[in-house]
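Novice: Mind looking over this structure? Questions follow.
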Amino acid sequence: MRSRFGCTLLGFTLAVGVAHAVPARPLYEPPEPLAPVSLAGTYWFGKCYADNFWLIFEEQGTINWGYGQLDAKKAGSTGTWKLDGKDLYFEFNRKTLEFRGTTDGQTIDGMAFNNSGSRYPTILRLTTRPK
């Protein structure tokens, strides 16, 4: 009888232990890396230092910009741009105006500043280039 009692007690203890066991954590799987953003050849529209500001990121690392209607012949000037991950920098008019901010490939958000100390909150959105 003693061994039956011991087996029953052991079985009961195991059953209670299994019922209260904490499941193992799933293995950590890092999120998929985001595809790199490419700005070359894209057209953006929004607000920089003026409303209706547009910007074209050219393939060779230069920019063309203006405000109002897109007219490459009347573009303000060219400048340069650099993208490092999500961090974006561009300048034009020989650094008369500079921008530092970020992009997710759909929106550019940051601050533009000029050499006289003025600062301009900037938000541009990727859009279809007018014909």
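Novice: Counting just the residues of the range 69-101 that are part of a strand (DSSP E or B) and among the aliphatic types (A, V, I, L, M), which one comes out modelled with the lowest pLDDT?
Specialist: L97
Novice: Another question, then. Does at least one position in the range 95-104 carry a residue that is more than 22 Å from the chain's Cα centre (by Cα) and over 18 Å from L39 (Cβ atoms)? If you could, list the steps in order and put the result at the bottom.
Specialist: Let us first name the residues in the range 95-104 that are more than 22 Å from the chain's Cα centre (by Cα), namely 95-97.
Applying the additional criterion that residues be over 18 Å from L39 (Cβ atoms) yields 95-96.
Yes, the conditions are met somewhere in the range 95-104.
Novice: Go through the range 88-125 and report how many residues are surrounded by fewer than 17 Cβ atoms within 10 Å (Cβ to Cβ) and not β-branched (V, I, T).
Specialist: 21
Novice: More than 30 Å from R125 (Cβ to Cβ), open to solvent by 100 Å² or more (accessible area, probe 1.4 Å) and at pLDDT below 75 - does that describe any residue in the range 22-37?
Specialist: Yes, there is a match, as at least one residue in the range 22-37 is more than 30 Å from R125 (Cβ to Cβ), open to solvent by 100 Å² or more (accessible area, probe 1.4 Å) and at pLDDT below 75.
Novice: If you don't mind, another one. Looking at G61, G85, G66, which is the one that is closer than 19 Å to I123 by Cα and open to solvent by less than 40 Å² (accessible area, probe 1.4 Å)?
Specialist: Unique residue meeting the criteria: G66.
Novice: Applying the selection to the range 99-131, what residues are without any contact (Cβ under 8 Å) to a residue 40 or more places away in the chain and among the acidic types (D, E)?
Specialist: Answer for the range 99-131, where residues must be without any contact (Cβ under 8 Å) to a residue 40 or more places away in the chain and among the acidic types (D, E): just D109.
The values are calculated or read from the model by the stated rules, or taken from the named source; none is laboratory data. What you see is a predicted model, and the numbers here were worked out from it, not measured in a lab. Every residue, glycine among them, receives a Cβ derived from its backbone with ideal geometry; neighbour counts consider all protein chains shown. Calculation scope for accessible area: heavy atoms of the full protein, side chains included, ligands and nucleic acids excluded. Shrake-Rupley method; radii C 1.70, N 1.55, O 1.52, S 1.80 Å.
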